[in-house]
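Okay, structure first, notes after.
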Amino acid sequence: MLKIGCHLSTANGFLNMGKEIVALGGNTFQFFSRNPRGGSAKTIDEEDIDNFKEFAKQKGIDIILAHAPYTLNACSNDPDIRAFAKRTFADDLQRMEYLPNNMYNFHPGSHMKQGVQTGIKYIVEMLNELIKPEQTTKVLLETMSGKGSEVGKTFEEIRQIIDGVELKDHIGVCLDTCHIYDAGYDIVGNLDGVLKEFDEIIGLERLKAIHLNDSKNPFASHKDRHEKIGEGSIGAKTFTCIINNDTLKELPFYLETPNEFDGYAKEIALLKSLYTGETNNTL
Ligand code: FE
Ligand code: FE
Ligand code: ZN
(Lines give C-alpha, C1' and ligand atoms only; values in the text may rest on other atoms or scores of the structure.)
(Ligands and ions follow the chains in the order given, each with its own letter.)
Protein backbone atom coordinates (compact mmCIF):
# COMPACT_ATOMS: atom_id res chain seq x y z
CA MET A 1 0.00 0.00 0.00
CA LEU A 2 1.20 3.48 -0.85
CA LYS A 3 2.43 5.36 2.21
CA ILE A 4 1.29 8.87 1.46
CA GLY A 5 0.57 12.04 3.37
CA CYS A 6 1.18 15.75 3.48
CA HIS A 7 2.41 18.46 5.76
CA LEU A 8 -0.12 19.31 8.49
CA SER A 9 -0.38 22.02 11.13
CA THR A 10 0.42 20.92 14.68
CA ALA A 11 -1.78 23.65 16.17
CA ASN A 12 -4.48 21.26 17.41
CA GLY A 13 -2.33 18.34 18.45
CA PHE A 14 -1.45 14.86 17.23
CA LEU A 15 -4.86 13.21 17.41
CA ASN A 16 -6.22 16.04 15.29
CA MET A 17 -3.48 15.56 12.68
CA GLY A 18 -4.21 11.85 12.64
CA LYS A 19 -7.89 12.51 11.98
CA GLU A 20 -7.04 15.08 9.34
CA ILE A 21 -4.75 12.80 7.38
CA VAL A 22 -7.28 9.96 7.44
CA ALA A 23 -9.94 12.40 6.17
CA LEU A 24 -7.55 13.41 3.37
CA GLY A 25 -7.08 9.78 2.34
CA GLY A 26 -3.52 9.47 3.64
CA ASN A 27 -1.80 7.22 6.17
CA THR A 28 1.22 9.26 7.28
CA PHE A 29 1.97 12.96 7.74
CA GLN A 30 4.66 15.53 8.34
CA PHE A 31 4.45 18.25 10.99
CA PHE A 32 6.66 21.00 12.36
CA SER A 33 8.35 20.05 15.61
CA ARG A 34 7.61 23.63 16.73
CA ASN A 35 6.81 27.01 15.18
CA PRO A 36 8.68 26.87 11.84
CA ARG A 37 10.08 30.39 12.25
CA GLY A 38 10.36 30.75 15.99
CA GLY A 39 11.79 28.85 18.89
CA SER A 40 9.14 27.96 21.39
CA ALA A 41 7.55 24.54 21.46
CA LYS A 42 4.23 23.69 23.04
CA THR A 43 4.40 21.58 26.17
CA ILE A 44 3.89 17.90 25.51
CA ASP A 45 0.25 16.88 25.98
CA GLU A 46 0.59 13.27 27.07
CA GLU A 47 -3.12 12.60 26.85
CA ASP A 48 -3.15 13.79 23.23
CA ILE A 49 -0.11 11.59 22.50
CA ASP A 50 -1.78 8.53 24.03
CA ASN A 51 -4.99 9.18 22.10
CA PHE A 52 -3.01 9.61 18.91
CA LYS A 53 -1.07 6.37 19.43
CA GLU A 54 -4.31 4.44 19.84
CA PHE A 55 -5.86 6.13 16.79
CA ALA A 56 -2.73 5.55 14.69
CA LYS A 57 -2.74 1.85 15.56
CA GLN A 58 -6.39 1.52 14.52
CA LYS A 59 -5.92 3.43 11.27
CA GLY A 60 -2.58 1.99 10.19
CA ILE A 61 -0.52 5.15 10.58
CA ASP A 62 2.80 3.42 11.29
CA ILE A 63 5.23 6.27 10.82
CA ILE A 64 5.24 10.06 11.00
CA LEU A 65 7.85 12.65 10.14
CA ALA A 66 8.73 15.73 12.15
CA HIS A 67 10.32 18.68 10.39
CA ALA A 68 12.72 20.98 12.29
CA PRO A 69 12.07 24.74 12.09
CA TYR A 70 13.53 26.59 9.10
CA THR A 71 15.38 28.92 11.45
CA LEU A 72 17.54 26.05 12.64
CA ASN A 73 20.98 26.61 11.12
CA ALA A 74 23.61 24.35 12.60
CA CYS A 75 26.36 25.90 10.44
CA SER A 76 25.63 29.61 10.73
CA ASN A 77 28.57 32.01 11.03
CA ASP A 78 26.84 33.40 14.14
CA PRO A 79 27.68 31.38 17.28
CA ASP A 80 24.36 32.36 18.89
CA ILE A 81 22.43 30.91 15.96
CA ARG A 82 24.50 27.72 16.13
CA ALA A 83 23.81 27.50 19.86
CA PHE A 84 20.08 28.03 19.22
CA ALA A 85 20.19 25.21 16.64
CA LYS A 86 21.74 22.85 19.16
CA ARG A 87 19.26 23.70 21.91
CA THR A 88 16.31 23.34 19.56
CA PHE A 89 17.56 20.10 18.03
CA ALA A 90 18.29 18.58 21.45
CA ASP A 91 14.86 19.55 22.78
CA ASP A 92 13.13 18.24 19.64
CA LEU A 93 14.91 14.89 19.93
CA GLN A 94 13.80 14.57 23.54
CA ARG A 95 10.22 15.38 22.60
CA MET A 96 10.28 12.89 19.73
CA GLU A 97 10.81 10.07 22.20
CA TYR A 98 7.21 10.52 23.38
CA LEU A 99 6.37 9.09 19.94
CA PRO A 100 9.15 6.52 19.55
CA ASN A 101 10.45 5.07 16.27
CA ASN A 102 9.57 7.99 14.06
CA MET A 103 11.69 10.40 12.02
CA TYR A 104 13.03 13.94 12.45
CA ASN A 105 14.04 15.80 9.29
CA PHE A 106 16.18 18.93 9.17
CA HIS A 107 17.82 21.19 6.61
CA PRO A 108 21.59 20.76 7.01
CA GLY A 109 21.95 24.55 7.01
CA SER A 110 23.53 27.50 5.20
CA HIS A 111 27.24 28.12 5.63
CA MET A 112 26.97 31.92 5.16
CA LYS A 113 30.23 32.45 3.22
CA GLN A 114 32.27 30.25 5.55
CA GLY A 115 32.55 27.61 2.84
CA VAL A 116 30.95 24.18 2.52
CA GLN A 117 33.66 22.39 4.47
CA THR A 118 33.30 24.64 7.51
CA GLY A 119 29.53 24.20 7.24
CA ILE A 120 29.83 20.43 7.19
CA LYS A 121 32.20 20.52 10.17
CA TYR A 122 29.64 22.40 12.29
CA ILE A 123 26.74 20.14 11.22
CA VAL A 124 28.74 17.02 12.07
CA GLU A 125 29.75 18.53 15.40
CA MET A 126 26.11 19.17 16.35
CA LEU A 127 25.00 15.69 15.31
CA ASN A 128 27.79 14.00 17.25
CA GLU A 129 26.98 16.03 20.33
CA LEU A 130 23.23 15.39 20.24
CA ILE A 131 22.56 11.96 18.73
CA LYS A 132 22.35 9.45 21.56
CA PRO A 133 22.79 5.67 21.29
CA GLU A 134 19.46 5.00 23.03
CA GLN A 135 17.31 7.27 20.87
CA THR A 136 14.66 5.61 18.70
CA THR A 137 14.24 8.56 16.34
CA LYS A 138 15.87 8.48 12.94
CA VAL A 139 17.44 11.85 12.09
CA LEU A 140 17.06 12.70 8.41
CA LEU A 141 19.20 15.09 6.38
CA GLU A 142 17.10 16.77 3.69
CA THR A 143 18.56 17.12 0.19
CA MET A 144 18.61 20.84 -0.68
CA SER A 145 18.32 22.88 -3.89
CA GLY A 146 21.47 24.93 -3.30
CA LYS A 147 19.86 28.34 -3.02
CA GLY A 148 22.09 30.83 -1.23
CA SER A 149 24.80 28.96 0.66
CA GLU A 150 22.80 25.82 1.47
CA VAL A 151 24.76 22.73 2.41
CA GLY A 152 23.37 19.42 1.19
CA LYS A 153 22.82 20.37 -2.46
CA THR A 154 24.86 17.42 -3.72
CA PHE A 155 24.84 13.76 -2.73
CA GLU A 156 28.56 14.15 -1.98
CA GLU A 157 27.88 16.81 0.67
CA ILE A 158 25.23 14.63 2.32
CA ARG A 159 27.66 11.72 2.24
CA GLN A 160 30.38 13.81 3.89
CA ILE A 161 28.05 14.71 6.74
CA ILE A 162 27.09 11.07 7.25
CA ASP A 163 30.76 10.08 7.12
CA GLY A 164 31.45 12.42 10.03
CA VAL A 165 28.64 11.09 12.24
CA GLU A 166 29.68 8.50 14.80
CA LEU A 167 26.27 6.90 15.48
CA LYS A 168 25.36 6.30 11.84
CA ASP A 169 22.48 3.93 12.66
CA HIS A 170 20.45 6.95 13.68
CA ILE A 171 21.02 8.87 10.43
CA GLY A 172 19.06 8.76 7.19
CA VAL A 173 18.16 10.96 4.24
CA CYS A 174 14.94 12.62 3.12
CA LEU A 175 14.95 13.24 -0.61
CA ASP A 176 12.97 16.26 -1.77
CA THR A 177 12.08 15.94 -5.47
CA CYS A 178 11.77 19.70 -6.05
CA HIS A 179 15.08 20.35 -4.31
CA ILE A 180 17.13 17.76 -6.17
CA TYR A 181 15.64 18.70 -9.53
CA ASP A 182 16.40 22.37 -8.84
CA ALA A 183 19.87 21.27 -7.66
CA GLY A 184 20.58 19.65 -11.04
CA TYR A 185 19.65 15.97 -10.61
CA ASP A 186 17.60 15.08 -13.67
CA ILE A 187 14.84 12.91 -12.24
CA VAL A 188 12.69 13.73 -15.28
CA GLY A 189 15.13 12.58 -17.96
CA ASN A 190 17.01 9.94 -16.01
CA LEU A 191 15.44 8.83 -12.73
CA ASP A 192 17.28 5.51 -12.72
CA GLY A 193 20.59 7.30 -13.25
CA VAL A 194 19.93 9.68 -10.36
CA LEU A 195 18.99 6.79 -8.06
CA LYS A 196 22.08 4.87 -9.13
CA GLU A 197 24.19 7.90 -8.27
CA PHE A 198 22.43 8.23 -4.92
CA ASP A 199 23.15 4.57 -4.26
CA GLU A 200 26.81 4.83 -5.18
CA ILE A 201 27.47 7.99 -3.18
CA ILE A 202 25.11 7.77 -0.20
CA GLY A 203 23.56 4.28 -0.38
CA LEU A 204 19.85 3.73 -0.99
CA GLU A 205 19.57 1.99 2.38
CA ARG A 206 19.96 5.48 3.94
CA LEU A 207 16.91 6.82 2.09
CA LYS A 208 14.00 6.90 4.56
CA ALA A 209 11.47 9.40 3.21
CA ILE A 210 10.56 11.37 0.10
CA HIS A 211 9.20 14.90 -0.13
CA LEU A 212 7.00 14.81 -3.19
CA ASN A 213 6.91 18.29 -4.72
CA ASP A 214 6.75 19.57 -8.26
CA SER A 215 8.92 22.62 -9.02
CA LYS A 216 7.94 26.11 -10.18
CA ASN A 217 11.38 26.55 -11.72
CA PRO A 218 13.36 24.85 -14.48
CA PHE A 219 15.95 22.11 -14.05
CA ALA A 220 19.12 23.13 -12.15
CA SER A 221 17.71 26.55 -11.25
CA HIS A 222 18.80 26.30 -7.56
CA LYS A 223 15.58 28.06 -6.61
CA ASP A 224 13.39 25.84 -4.34
CA ARG A 225 9.80 26.86 -5.01
CA HIS A 226 7.35 23.99 -4.74
CA GLU A 227 4.52 23.49 -7.22
CA LYS A 228 1.42 21.30 -7.20
CA ILE A 229 1.93 17.74 -8.48
CA GLY A 230 1.76 17.74 -12.28
CA GLU A 231 1.70 21.53 -12.62
CA GLY A 232 5.43 22.24 -12.55
CA SER A 233 8.61 21.47 -14.44
CA ILE A 234 8.81 17.89 -13.10
CA GLY A 235 5.37 16.73 -14.23
CA ALA A 236 2.94 13.93 -13.34
CA LYS A 237 4.71 11.24 -15.37
CA THR A 238 7.87 11.48 -13.28
CA PHE A 239 5.86 11.26 -10.04
CA THR A 240 4.19 8.11 -11.36
CA CYS A 241 7.64 6.65 -11.97
CA ILE A 242 8.88 7.72 -8.53
CA ILE A 243 6.05 6.24 -6.44
CA ASN A 244 6.11 2.98 -8.42
CA ASN A 245 9.89 2.67 -8.56
CA ASP A 246 11.08 -0.63 -7.17
CA THR A 247 13.57 0.94 -4.78
CA LEU A 248 11.26 3.76 -3.64
CA LYS A 249 7.73 2.34 -3.58
CA GLU A 250 7.84 1.20 0.07
CA LEU A 251 9.03 4.56 1.38
CA PRO A 252 6.71 7.14 2.94
CA PHE A 253 5.91 10.06 0.60
CA TYR A 254 5.06 13.55 1.86
CA LEU A 255 3.46 16.33 -0.14
CA GLU A 256 4.70 19.85 0.61
CA THR A 257 2.86 21.36 -2.31
CA PRO A 258 1.09 24.75 -2.22
CA ASN A 259 -2.35 23.42 -1.27
CA GLU A 260 -5.16 23.70 1.20
CA PHE A 261 -6.95 20.56 2.41
CA ASP A 262 -9.01 20.07 -0.76
CA GLY A 263 -5.91 20.30 -2.94
CA TYR A 264 -4.06 17.78 -0.77
CA ALA A 265 -7.02 15.40 -0.86
CA LYS A 266 -6.98 15.58 -4.67
CA GLU A 267 -3.23 14.97 -4.91
CA ILE A 268 -3.38 12.06 -2.48
CA ALA A 269 -6.24 10.52 -4.47
CA LEU A 270 -4.34 11.10 -7.72
CA LEU A 271 -1.16 9.46 -6.42
CA LYS A 272 -3.08 6.51 -5.00
CA SER A 273 -4.75 6.02 -8.40
CA LEU A 274 -1.33 6.07 -10.09
CA TYR A 275 0.20 3.60 -7.64
CA THR A 276 0.55 0.05 -8.83
CA GLY A 277 3.33 -1.03 -6.50
CA GLU A 278 4.73 -3.04 -9.42
CA THR A 279 8.22 -3.06 -10.79
CA ASN A 280 8.82 -0.58 -13.58
CA ASN A 281 12.50 0.18 -13.42
CA THR A 282 15.72 -1.53 -14.24
CA LEU A 283 17.92 -0.46 -11.36
FE1 FE B 1 12.27 20.90 4.28
FE1 FE C 1 11.14 19.37 1.59
ZN1 ZN D 1 11.64 23.34 -0.38
Kindly state which helices (runs of 4 or more DSSP H) lie completely within the stretch 134-238 and contain at least 3 residues that are within 16 Å of ligand 1 (Cβ to nearest atom) and either modelled with pLDDT of 95 or more or small (Gly, Ala, Ser) (or both). 155-164, 177-183
Qualifying residue in the stretch 162-174 (condition: within 16 Å of ligand 2 (Cβ to nearest atom), under 16 Å from the mean Cα position of the chain (by Cα) and not β-branched (Val, Ile, Thr)): yes
Yes or no: Ile44 surrounded by fewer than 22 Cβ atoms within 10 Å (Cβ to Cβ), more than 24 Å from His226 (Cβ to Cβ), more than 16 Å from ligand 2 (Cβ to nearest atom) and not hydroxyl-bearing (Ser, Thr, Tyr)? yes
Check off (1) farther than 27 Å from His222 by Cα; (2) aliphatic (A, V, I, L, M); (3) open to solvent by less than 20 Å² (accessible area, probe 1.4 Å) for Leu130 and give me the number that stays unchecked. (3)
Please tell me if Leu255 is without any contact (Cβ under 8 Å) to a residue 60 or more places away in the chain, crowded, with 19+ Cβ neighbours inside 10 Å, closer than 23 Å to Pro108 by Cβ and within 16 Å of ligand 3 (Cβ to nearest atom). no
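Condition check ((1) open to solvent by 10 Å² or more (accessible area, probe 1.4 Å); (2) assigned to a strand (DSSP E or B); (3) closer than 22 Å to Thr136 by Cα) across all residues:
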{"site": "Leu72", "(1), (2), (3)": "no, no, yes"}
{"site": "Cys75", "(1), (2), (3)": "no, no, no"}
{"site": "Ile81", "(1), (2), (3)": "yes, no, no"}
{"site": "Arg95", "(1), (2), (3)": "yes, no, yes"}
{"site": "Asn105", "(1), (2), (3)": "no, yes, yes"}
Filter result for Gly148 (open to solvent by 10 Å² or more (accessible area, probe 1.4 Å) and small (Gly, Ala, Ser)): yes
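The values are calculated or read from the model by the stated rules, or taken from the named source; none is laboratory data. Bear in mind that the values here come from a model prediction, so they are computed numbers and not experimental data. Quick reminder, even Gly has a Cβ in these numbers, built from the backbone with ideal geometry, and neighbours come from all protein chains shown. Note: areas computed on protein heavy atoms with side chains; ligands, DNA, RNA excluded. Shrake-Rupley method; radii C 1.70, N 1.55, O 1.52, S 1.80 Å.
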